Amino acid sequence: MVFKLYGVAFSTCTKRVAIVLHEKNVPFEFHPIDFAAGEHKSPEFLKHQPFGQVPYIEDDGLVLYESRAICRYIAEKYAGQGTPLIPTELKAKAIFEQATSVEKDNFDALASKAVYEKVFKPMYGLTPNQETFDELIGNLDKRLDVYDQILSKQKYVAGEEITLADLFHIPYGAMLAAAGSNILDTKPNVARWWKDITSRSSWIAVEDGVKSTG
Amino acid sequence: MVFKLYGASLSTCTKRVAIVLHEKNVPFEFHPIDFATGQHKSPEYLKYQPFGQVPYIDDDGFILYESRAICRYIAEKYAGQGTALIPTELKAKAIFEQAASVEKDNFDALAAKAIFEKVFKPKHGLTPNQELVDELLGNLDKRLDVYNQILSKQKYVAGEEVTLADLFHIPYGALLPAAGSNLLDTKPNVARWWKDITSRPSWIAVRDGVNSTA
Ligand SMILES: N[C@@H](CCC(=O)N[C@@H](CS)C(=O)NCC(=O)O)C(=O)O
Ligand SMILES: N[C@@H](CCC(=O)N[C@@H](CS)C(=O)NCC(=O)O)C(=O)O
């Protein structure tokens, strides 16, 4: 049975999963969820994703939600094909876990809120709070200074090889420019890393919208 | 060489790691970091934890930060002793990762902020933003309704066995009453689960402060 991804073509969390499907050469069927009609809050949808969010997957009888958990599942199930994305040696794996945790707390927590203020709020007819945005970007700037230091010593956030921890940054990172911040382009090592990971064919395949490949 | 934990005895993130050390019967030396003097922002400290936060560990020269990453490292390194805390079968592991991701996005993101407003801000002489607290706790209430549904069908958040995904909730969950919220006591299945995980000797050993066991 073909791998099924349920989500929204332009949503960041759906793209996160699609990047990894491309990296691992896993053909998939994309099933769009109609946000406008509130399909993600319907009783039928909530049977699969009880928190009412996208994405979720169906694979071989397994229904799974939470984009980062889905990415890990794909990387492990298809460990033998495409790009290896999770180290297996104990300490290398620990450093990978450190980097994924940093992505969540020091990047995503700030970047997703900044993007929400300046990009999503206007889409819903709400007024962005400039002060909130500036505070988030100011905080993110400090965290990315630390990234710049780390990336001056290694190619990727978890070492010399690309991992899920790098890829997780892409969907929100790519929206920072639309939110009015060039923070990923102004620090030399961060800029080099950002250019590297966003030049990958996996991102190019999904950046303008997720489509079936199966 | 004995396992060394650097942190603040009463800090939630330090306790998260200490719970897991107790669950896995790993003796450790606790090295307190002096928040009051800003030790966690000193150049010496930043060599180990470049973001200037606690905790970090030194395990025989291996330095690791990010509390959840440290917990995973301990659970994997000591897989053969104490409580098994990460499933190994592909699909069970995927469900564990789903639950761990839910903890971060649907629990921690809200609970930690509410506690920051109501508990930590007053300690630093700042005024809590009550409107924000109400919004965060209102949102948490809805997410915990979903937890209550999930926990009506299974004993723990990732299935029938306790995992790291359950334990990760404890340090901030335990501070919710101090933030004026009884959300963990009012939903029957959540309340049953909360009582179960907070009755474990691992939590009882660290809840009043982290101490060396080696
Ligand atoms: N932690 C979840 C977050 C999912 C999420 O926030 N999805 C957004 C789209 S990117 C959504 O469905 N928003 C609608 C809503 O929350 O009502 C994941 O990584 O899958
Ligand atoms: N994601 C980090 C967060 C660490 C964190 O926020 N630590 C707090 C104490 S619980 C801290 O050091 N705060 C001081 C600061 O951020 O300046 C982890 O889980 O280890």
Would segment A:79-92 turn up any residue that is farther than 24 Å from B:Glu66 by Cα and either in contact with a helix residue (DSSP H, G or I) (Cβ under 7 Å, 6 or more places away or on another chain) or open to solvent by less than 20 Å² (accessible area, probe 1.4 Å) (or both)? yes
Can you name the residue in segment B:43-74 that is open to solvent by less than 30 Å² (accessible area, probe 1.4 Å) and small (Gly, Ala, Ser) and, of all such residues, is farthest from ligand 1 (Cβ to nearest atom)? B:Gly52
Any residue at all in segment B:4-21 that's more than 12 Å from ligand 2 (Cβ to nearest atom) and not in a helix (DSSP H, G or I)? yes
If you check B:Thr198 against the conditions, is it more than 22 Å from A:Phe51 (Cβ to Cβ), polar (S, T, N, Q), open to solvent by 70 Å² or more (accessible area, probe 1.4 Å) and out of contact with any Phe, Trp or Tyr (no Cβ under 6 Å at 6 or more places or on another chain)? no
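Any residue at all in segment A:77-97 that is polar (S, T, N, Q) and at the interface with another protein chain (Cβ under 10 Å from one of its Cβ atoms)?
Looking for residues that are polar (S, T, N, Q) and at the interface with another protein chain (Cβ under 10 Å from one of its Cβ atoms), one finds none in segment A:77-97, hence no.
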Whether any residue in segment B:148-165 is away from ligand 1 (no atom under 16 Å from the Cβ), closer than 15 Å to B:Thr12 by Cα and surrounded by fewer than 22 Cβ atoms within 10 Å (Cβ to Cβ) is what I want to check. no
Against the condition over 17 Å from the mean Cα position of the chain (by Cα), more than 16 Å from ligand 1 (Cβ to nearest atom) and open to solvent by 30 Å² or more (accessible area, probe 1.4 Å), how does B:Ile95 come out, does it pass? no
Residues in segment A:9-29 that are open to solvent by 30 Å² or more (accessible area, probe 1.4 Å) and farther than 22 Å from B:Asp145 by Cβ: how many? 5
I'd like to check something: does segment B:34-51 contain any residue that is under 26 Å from B:Thr198 (Cβ atoms) and in contact with a strand residue (DSSP E or B) (Cβ under 6 Å, 6 or more places away or on another chain)? no
Considering each of B:Asn106, B:Asn139 in turn, give the residue that is assigned to a helix (DSSP H, G or I) and open to solvent by 30 Å² or more (accessible area, probe 1.4 Å). B:Asn139
Hey, A:Gln81 assigned to a loop (DSSP other than H, G, I, E, B) and within 12 Å of ligand 1 (Cβ to nearest atom) or not: no
Looking at (1) assigned to a loop (DSSP other than H, G, I, E, B); (2) more than 14 Å from chain B (Cβ to nearest Cβ); (3) touching a helix residue (DSSP H, G or I) at 6+ places or on another chain (Cβ under 6 Å), can you tell me which one A:Gly125 breaks? (3)
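The values are calculated or read from the model by the stated rules, or taken from the named source; none is laboratory data. Quick caveat, the model's predicted, so the values are computed rather than measured. All Cβ positions, even for glycine, are placed from backbone atoms using ideal geometry, and neighbour counts span all protein chains on display. These accessible areas exclude ligands, DNA and RNA; they are computed on the full protein's heavy atoms, side chains included. Shrake-Rupley method; radii C 1.70, N 1.55, O 1.52, S 1.80 Å.
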